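Have a look at the structure below before the remarks.
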Amino acid sequence: MRKAGSRARAEAEGPHRAMEGGEVTGDRLKADTSDMSFEELLRLQGQGRPKAHKQLVAGNSTRTRSPQQPVCVADKHRPLEMSAKVRVPFLRQVVPISKKVARDPRFDDLSGDYNPEVFDKTYQFLNDIRAKEKQLVKKQLKKHRSGEEHDKLQQLLQRMEQQEMAQQERKQQQELRLALKQERRAQAQQGHRPYFLKKSEQRQLALAEKFKELRRSKKLESFLSRKRRRNAGKDRRHLPLSKE
């Protein structure tokens, strides 16, 4: 029993001792050959000890080996590298530029539908501003009786009056459409079939309302005279040229 235990202990300690012995012999070999010249190392290799020579060379190479450097990943925003074999164009796009898309709010669905009644109510404060500007232009026109400044102020006042007349005309048309809508609604409540006017009939009604307004303001004759002159000029364009 004692012999079997000693054998097992010897077998267990055997590899460790062998490894320690190998390390010791390797260290001794390095210490012995550290001061040797190159000729002595060659002679050592020729004497039949190539294994020791390989261990020595491997030990020296591990010392001088540099640590492995990390691999650099190419940046996607780096400048574009052009090949020297291909001629570089004179005009090239260095940085990608996003194309700007123009958006017209008049024809875009994002701006919503145009409702003239809501628009006039929302921007009703502009009428007061226009009235103040008109009074200011009239005061400036009284100061400048003649000259280039007088002509500019006169044209500005005339344009403001035309815009005001156009706005009043649009307002009258809106009131007329609202009256027709209320009339159709009343007919539908009474059980009658509603009648929708054509665009030509709506224009005739608007023209009749305009004539009534001009007659009340005593401007009908001047309006008709301007209308006749305009129509005469149009007819004169279609006449054949006289041959001399």
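Considering only residues that are surrounded by fewer than 11 Cβ atoms within 10 Å (Cβ to Cβ) and in a helix (DSSP H, G or I), look in region 145-157 and name the one that is farthest from the chain's Cα centre (by Cα).
Applying the filter and picking the extreme gives 148.
Can you run down the residue pairs with Cβ atoms below 6 Å, 6 or more apart or on separate chains, where the first is in region 198-218 and more than 13 Å from residue 173 (Cα to Cα) and the partner is not basic (Lys, Arg)?
These pairs meet every condition: 214/220; 214/223.
Quick one: count up the residues across region 110-144 that are part of a helix (DSSP H, G or I) and closer than 23 Å to residue 174 by Cα.
15
Spot the failing condition for residue 99; the list is (1) outside any loop (DSSP other than H, G, I, E, B); (2) farther than 30 Å from residue 170 by Cβ; (3) not β-branched (Val, Ile, Thr), and only one is missed.
Of (1) outside any loop (DSSP other than H, G, I, E, B); (2) farther than 30 Å from residue 170 by Cβ; (3) not β-branched (Val, Ile, Thr), only one is false for residue 99: (1).
Yes or no, residue by residue, for (1) among the basic types (Lys, Arg); (2) surrounded by 10 or more Cβ atoms within 10 Å (Cβ to Cβ); (3) at pLDDT 85 or above:
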{"residue": "210", "(1), (2), (3)": "yes, yes, no"}
{"residue": "214", "(1), (2), (3)": "no, yes, no"}
{"residue": "234", "(1), (2), (3)": "yes, no, no"}
{"residue": "243", "(1), (2), (3)": "yes, no, no"}
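So is residue 218 out of contact with any strand residue (DSSP E or B) (no Cβ under 7 Å at 6 or more places or on another chain) and part of a helix (DSSP H, G or I) or not?
Criteria not met by residue 218.
Against the condition touching a residue at least 12 places away in the same chain (Cβ under 8 Å), part of a helix (DSSP H, G or I) and among the polar types (S, T, N, Q), how does residue 163 come out, does it pass?
For residue 163, the condition - touching a residue at least 12 places away in the same chain (Cβ under 8 Å), part of a helix (DSSP H, G or I) and among the polar types (S, T, N, Q) - is met.
Report yes if residue 181 is farther than 26 Å from residue 211 by Cα and not hydrophobic (A, V, I, L, M, F, W, C), otherwise no.
No; evaluated as a whole, the condition is false for this residue.
Return yes or no: is residue 137 of a type in the set (Val, Ile, Thr) and free of Cβ contacts under 8 Å to residues at least 12 places away in the same chain?
no
The values are calculated or read from the model by the stated rules, or taken from the named source; none is laboratory data. All figures in this text were calculated on a predicted structure; none of them were measured in a lab. Neighbour counts run over all protein chains shown; Cβ positions are idealised from the backbone, glycine included.
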